[in-house]
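Remarks on the structure that follows.
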Amino acid sequence: MEARAVGKYIRISPQKVRLVADVVRGMDVDKAITTLKFMPKKGAKILRQVIESAVANATQDDQVDVDNLFVKKIAIDGGPSLKRIRPRAMGRATKIIKRTSHIMVVLDEA
């Protein structure tokens, strides 16, 4: 039985979260959470929270054994970008793009 969780409009670049997601894709849930807990990246904390939410969603079903769950799929998509302007030299301006992410985690039983 699959369990999923989605984190939307997270204020971090999708590229930064994908670096962390590639490490834990396919791992057991306990090992993935432990790995993310000691990883010194901002995306690790965010991804750990989404995985823990998927585990909590899996516990709502009585047929699912939480000890046998593994990370079946992690998808990180880009969300809407916040556009800002930064003043530069000689009266010019440059665009600053603050990106957001949508994170989807699917867990399944081994």
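The values are calculated or read from the model by the stated rules, or taken from the named source; none is laboratory data. Just so we're clear, the structure is a prediction, and the values are computed from it rather than from any experiment. Virtual Cβ from ideal backbone geometry, glycine too; neighbours counted across all protein chains shown.
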(request) All but one of (1) surrounded by fewer than 19 Cβ atoms within 10 Å (Cβ to Cβ); (2) of a type in the set (D, E, K, R); (3) farther than 15 Å from Ala110 by Cα hold for Arg48, so report the exception by its number. (result) (1)
(request) Count, please, the residues in the range 4-28 that happen to be without any contact (Cβ under 8 Å) to a residue 60 or more places away in the chain and in a loop (DSSP other than H, G, I, E, B). (result) 3
(request) Kindly establish whether Asp77 is in a strand (DSSP E or B) and either surrounded by fewer than 18 Cβ atoms within 10 Å (Cβ to Cβ) or within 17 Å of the chain's Cα centre (by Cα) (or both). (result) yes
(request) Give me the pairs, please: first residue somewhere in the range 39-63 and at positive phi and at pLDDT below 95, second residue anywhere and surrounded by fewer than 16 Cβ atoms within 10 Å (Cβ to Cβ) and assigned to a loop (DSSP other than H, G, I, E, B), beta-carbon distance under 8 Å, and either six or more positions apart or on two chains. (result) none
(message) Checking Met90 against (1) touching a Lys or Arg at 6+ places or on another chain (Cβ under 7 Å); (2) on the phi > 0 side of the Ramachandran plot, only one condition comes out false. Which one?
(response) (1)
(message) With the requirement that a residue be assigned to a helix (DSSP H, G or I), loosely packed, with under 13 Cβ neighbours inside 10 Å and of a type in the set (A, V, I, L, M, F, W, C), what does the range 29-43 give you?
(response) none
(request) Kindly provide the set of residues from the range 80-110 that are assigned to a loop (DSSP other than H, G, I, E, B), touching a residue at least 12 places away in the same chain (Cβ under 8 Å) and surrounded by fewer than 16 Cβ atoms within 10 Å (Cβ to Cβ), ordered by number. (result) Pro80, Ser81, Ala110
(request) Please give the number of the condition Gly26 fails out of (1) touching a helix residue (DSSP H, G or I) at 6+ places or on another chain (Cβ under 8 Å); (2) closer than 14 Å to Val105 by Cα; (3) modelled with pLDDT under 95. (result) (1)
(message) Regarding the range 58-65, can at least one residue be identified that is under 18 Å from Asp108 (Cβ atoms), not basic (Lys, Arg) and not in a loop (DSSP other than H, G, I, E, B)?
(response) yes
